[in-house]
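Single-structure report; data block below.
The values are calculated or read from the model by the stated rules, or taken from the named source; none is laboratory data. Small disclaimer: the values here were computed from a predicted structure and weren't measured. Here the Cβ positions follow ideal geometry from the backbone for every residue, glycine too, while neighbour counts run over all protein chains shown.
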Amino acid sequence: MPFVSDSPKEACGVVGVYLPQEEAARVTFFGLHALQHRGQESAGIATVNGNGIEIRTAMGLITQAFDEKDVSKLPGHIGIGHTRYSTTGSSDICNAQPIRSVGPNVEVALGHNGNIVNAAALREELIEWGLHFDSTSDSEVIAHLLANSPGENWTDRLDHVMKRLRGAYSLVVLTNNAVLGIRDPLGVRPLSIGRLDNGGWMIASETCAFDQTGAEFVREVQPGEAVIIDANGLRTVYQRTLTRKPAPCIFEHIYIARPDSILDNKLVYNSRKLMGAELAKEHPVAADVVIGVPDGGTPAAVGYAEESGIPYGEGLVKNRYVGRTFIMPDQRLRDMGVRMKLNPLQELIEGKSLIVIDDSIVRGTTQRQVVQMLRRAGAKEVHLRIGSPPIQHPCYLGVDFPTRRELAAFDRAVEEVRQLVEADSLGYLSVEGLLRAVGTTEQQSCLACFSGESPIPVQLEMDKLAFEPQ
């Protein structure tokens, strides 16, 4: 049985590059490297050369999937890339992206971050049109729609496609002469535009990709907007009329995005520090030191310490070279999973009362093991503080949470969760405190994992493997 991390599984990372004077594949590679935290299952790059669109995909991390030889085989000044965590479709090479689709008037390659809630109905319709599916992901549904939609130009095609799609989609699309960036009308997943000093352009899920490649952040792709980059530069080719306020996923601020990225014009690190400060106001406790569970809990721990006046310390060291999943045949070895990732600094925590900050509780497995580890290292008390409200519902818009029954906070009061994780006390950040920290409102955010109220009606308990062969 594999050891499963208690952290929510990430979404996906997408990159689009237009470089008039250079090869795009290398910049795309480094952009994906910066977005590796968003998905570790597979990676892919597509470029345009004289023979059309060339795609290479492979399982694993971007550095496992590509070496210098692979990158050199992808010539062309326009490219897109994708690093995947599966939210619809299994972890299989057939679902690696970018995905190609050829229509009557256009060939495209597509990278997708998000989840389409009406994919099943659209897939059946496309099969009736005579289209063939090589993958079991909802992303191929979007690719086929784009390539086969009526219309002589991108404005017309996008009007048709975006009226049909329901759900979350931040897309990079490669054609024979351009790259497009497309964001759903709710703006659930992030997508930003950057400019390189050589006249090139870049589109990426997060701004940290710009920092790694030397691009300057220009702006976000707006909810419902589609931009195109070609020989004429950057321009908007479609803006979907918004029927309600956008609802960006607030979990991007809590956990998914890198702390050095900018979301909604805010540095994510600062938002997480403010979450910790709000936690200190809402759930104070006397203790000797504040520590964070690295890396997700570290900024909030700094904020909690500053607000409370209790010293901050690094009580846990993370091994950054451990993979995400291990085959553990018995309970003793499964318990080693967290210890392989985290090690306590015994001399700093022995005999002390600790406030331990983590970003979220999903199943509660990791938190229980961390508490046990700290007690074995001599901690006198362990007070657990969580930088988000209780997660009580799965996400259907691009984050792979467990089923509702597997969630620690489902049908459990806070005291029952405290007993589950074996902490001396437990405090969650309130929804109001979270909104204050992020600087947004309930009407301008997706809070479905806390409230169960999705901004889009969804089928209950949607199955990520719905399109797999039975």
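With the requirement that a residue be more than 24 Å from residue 437 (Cβ to Cβ) and either within 15 Å of the chain's Cα centre (by Cα) or buried (at least 21 other Cβ atoms within 10 Å of the Cβ) (or both), what does the range 226-270 give you? Answer for the range 226-270, where residues must be more than 24 Å from residue 437 (Cβ to Cβ) and either within 15 Å of the chain's Cα centre (by Cα) or buried (at least 21 other Cβ atoms within 10 Å of the Cβ) (or both): 226, 227, 228, 229.
So which residues in the range 394-421 are of a type outside the set (Val, Ile, Thr), under 21 Å from the mean Cα position of the chain (by Cα) and either surrounded by fewer than 16 Cβ atoms within 10 Å (Cβ to Cβ) or not assigned by TED's automatic domain parsing to the domain that holds residue 369 (or both), if there are any at all? Within the range 394-421, just 406 meets the criteria.
Here residue 157 meets the list (1) buried (at least 23 other Cβ atoms within 10 Å of the Cβ); (2) touching a strand residue (DSSP E or B) at 6+ places or on another chain (Cβ under 6 Å) almost entirely, failing just condition (2).
Taken over the range 45-89, the residue count meeting the criterion of being of a type in the set (Gly, Ala, Ser) and closer than 21 Å to residue 228 by Cα is 6. Within the range 160-175, the set of residues being in a helix (DSSP H, G or I), crowded, with 18+ Cβ neighbours inside 10 Å and in contact with a helix residue (DSSP H, G or I) (Cβ under 8 Å, 6 or more places away or on another chain) comprises just one member, 161. Within the range 418-442, the set of residues being among the hydrophobic types (A, V, I, L, M, F, W, C) and farther than 16 Å from residue 357 by Cβ comprises 420, 431, 435, 438.
Selection of the range 355-386 for residues being among the basic types (Lys, Arg) and crowded, with 22+ Cβ neighbours inside 10 Å yields only 385. Per the listing 285, 227, 221, the residue uniquely in the same structural domain as residue 386 (by TED's automatic domain parsing) and not hydroxyl-bearing (Ser, Thr, Tyr) is 285.
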